[in-house]
Amino acid sequence: MNHRFRNQRRILFGVFIIIIGALSLLDNLHLFDARDVLHFWPMAFIALGVLKIVQTRHASGYFVGAALIAAGVVLTLQSMGIIAFRWRDWWPVLLIAGGVLVIFRGLFGRRLACHDAKIRPVDGSETYVDAVAVMSGNHMKNDSQDFRGGEITAVMGGAELDLRHASIQAGATIHVFAMWGGIVIKVPGDWSVVTNGVPLLGGIEDKTVPPPNPVKRLVIEGYAIMGGIEIKN
C-alpha cells in the first residue's frame, strides 16, 4: 500500500471522527437533535464491511465484509421500521455462515493462497497466511523460510500467529482487521516491525525490541476498531 493511499485512509477516519464530534456538540448545545440520525447507526456496519472488502486480498475477507454489509442493511431497515427482525429467530444464520466459511476455505483456501503467492508452500508451511476468527479463537504457527505476509481477521474473537521460527527473504506485509477482537503476532528477534495500522477506539501496540542490524522487515497494515493488535518478539 503506497504512502499516498495510507494518508487518504487516515484523513477519511479523521473526517469521520470530526463529524461525530460536531453532531455531539450540536446536540449538547440544543441546536440539533441527534436522535434524528440514530435510526441510521447500523450503517456503520456497512461502512466497516466496505472497508474490509477494500482491504482484503483473500476470499475469507470478502465473506466477512459481505456479512458485515448484510448485517448493516438488515439492522438499518429494522431501525427505520421497514422490516421486523428478531435476533432470537435468526441467530442460527451465524452457524450456517460459519459452516459455509469453513467449507469454502477447506475447498478453495489453499488453492487461492498458492495462486496469490504464485509459488508453492515452503518447508511444509504456507508462504502466505489467511487467518479468520469470528466469535472464536484461532491459533496458528507458521515456520516458512520464505514468509511473505498474509491477512488476519478477528471479529468478536481472537487470533494469534506465531512466526518465531519463520524467516523473511524479502519484505513481508500482514493486513490486519480487528473489530471487537484481538490479534497477537509473535515474530523472531531479528525482524524489524513497521506498523502502519489505523486504530479507531482501539489500539495497535508494537512491543518488539528492534534488532541492532535490521535486515528483515515486517509491515503491519490495517485497522483496530474497538479492538487490539499486539506485535511482540
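Please determine, by comparing only the residues of region 45-67 that are closer than 16 Å to ILE152 by Cα and among the aliphatic types (A, V, I, L, M), which one is farthest from the chain's Cα centre (by Cα).
Out of the qualifying residues, it is ALA59.
Take the residues in region 27-42 that are assigned to a helix (DSSP H, G or I) and modelled with pLDDT under 75; name whichever of them is farthest from the chain's Cα centre (by Cα).
Per the stated criteria, the residue is ASP27.
Looking at region 215-226, which of its residues are surrounded by fewer than 23 Cβ atoms within 10 Å (Cβ to Cβ) and over 23 Å from ALA166 (Cα atoms)?
Result: ILE225, MET226.
Assess whether SER24 counts as being modelled with pLDDT of 70 or more and either surrounded by 15 or more Cβ atoms within 10 Å (Cβ to Cβ) or not hydroxyl-bearing (Ser, Thr, Tyr) (or both).
no
Would it be correct to say that ILE229 is surrounded by 17 or more Cβ atoms within 10 Å (Cβ to Cβ), touching a Gly at 6+ places or on another chain (Cβ under 9 Å) and of a type in the set (A, V, I, L, M)?
In short, yes.
Looking at ARG110 and the list (1) in a helix (DSSP H, G or I); (2) modelled with pLDDT of 50 or more; (3) surrounded by fewer than 16 Cβ atoms within 10 Å (Cβ to Cβ), which single condition is not satisfied?
It fails just one condition, (2).
Whether any residue in region 196-206 is more than 19 Å from the chain's Cα centre (by Cα) and of a type outside the set (Gly, Ala, Ser) is what I want to check.
Scanning region 196-206 turns up no residue that is more than 19 Å from the chain's Cα centre (by Cα) and of a type outside the set (Gly, Ala, Ser).
If a residue must be under 21 Å from ILE17 (Cα atoms) and without any contact (Cβ under 8 Å) to a residue 60 or more places away in the chain, how many such residues does region 206-233 contain?
So the answer is 4.
Counting only residues that are more than 12 Å from the chain's Cα centre (by Cα) and buried (at least 22 other Cβ atoms within 10 Å of the Cβ), how many does region 170-192 have?
So the answer is 4.
The values are calculated or read from the model by the stated rules, or taken from the named source; none is laboratory data. On a predicted model such as this, the values are computed, not experimentally measured, just so you know. Backbone-built Cβ (ideal geometry, glycine too); neighbour counts: all protein chains shown.
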